[in-house]
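Structure first, commentary second.
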Amino acid sequence: MEISEVRVKLVDNKDDRLKAFCSVTMDNEFVVRDIKIIEGARGLFVAMPSRKMSDHCPKCGGKNHLRARFCNNCGATLPENRARKDAKGRMRLHADIAHPINAECRRKIQEKVSTAFNEEVERSKQPGYTPVEMDTPDEDVPEIIS
Ligand SMILES: [Zn+2]
């Protein structure tokens, strides 16, 4: 698989760990959007598109995020710590929608996306810079950063 294009939309928020959104095109024919570039403790981290996991209220069956304390639908108090834990004991609150299945592919994506991000940051310093057109996905940063 070759990564043929990376589009980067910088996020202008200096306090936030979320630095950019990107879309990645594979082999000129498949696009993955909503990839996030996050400033982690050990440098830039490329987070795959993910969704918040949810479960159902025991009382009414309503759907709630795993961290919700009360049901959105009926207001019932929900039990704490409903999320499954990963190997390091951290709660799993997000699930990847698309992701590499081996370290080599992850490295390749991380490298391409980081390069594109750095180039975009440089470009953004030029006069007359216009950011790429990209609609903004949700800005929630997944907690699980490995
Ligand atoms: Zn409920």
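The values are calculated or read from the model by the stated rules, or taken from the named source; none is laboratory data. Everything numeric in this text was worked out from a predicted model, so none of it was measured. Cβ coordinates were reconstructed from backbone atoms using ideal geometry, including for glycine residues, and neighbour counts include every protein chain displayed. Note: areas computed on protein heavy atoms with side chains; ligands, DNA, RNA excluded. Shrake-Rupley method; radii C 1.70, N 1.55, O 1.52, S 1.80 Å.
Odds and ends about this structure:
- Excluding ligands, DNA and RNA, the accessible surface per residue across the chain is 66 Å² with a 1.4 Å probe.
- Modelled label reach - Arg67, point 7 Å along Cα→Cβ, the range 80-119 residues with backbone N closer than 19 Å: 80-97
- Selection from Asn28, Pro127, Cys105 lying farthest towards where the dipole of the chain points positive, charges on Cβ: Cys105
- A cut-off under 12 angstrom between Cβ atoms defines the neighbours of Glu29, and their net charge, with Lys, Arg +1 and Asp, Glu -1, is -3.
- Amide proton proximity set for Val11, modelled H, under 5 Å, gap of 5+: Ala20, Phe21
- Computed about the Cα centre, the dipole magnitude for the chain is approximately 860 debye when only Lys and Arg (+1) and Asp and Glu (-1) carry charge, each at its Cβ.
- Projecting the Cα atoms of Ala116, Thr77, Gly89 onto the charge dipole of the chain (Cβ charges, centred on the Cα centre) puts Thr77 farthest toward the positive pole.
- Exceeding the 32 Å Cα-Cα cut-off - candidates Lys63/Lys112; Lys19/Lys85; Lys36/Lys63; Lys52/Lys125; Lys19/Lys63; Lys36/Lys59: Lys63/Lys112; Lys52/Lys125; Lys36/Lys59
- Ligands, DNA and RNA left out, the 1.4 Å accessible surface of the chain is 47% carbon and sulfur atoms.
- Quotient of C-alpha Rg and 2.2 N^0.38 Å, computed over the chain: 1.22
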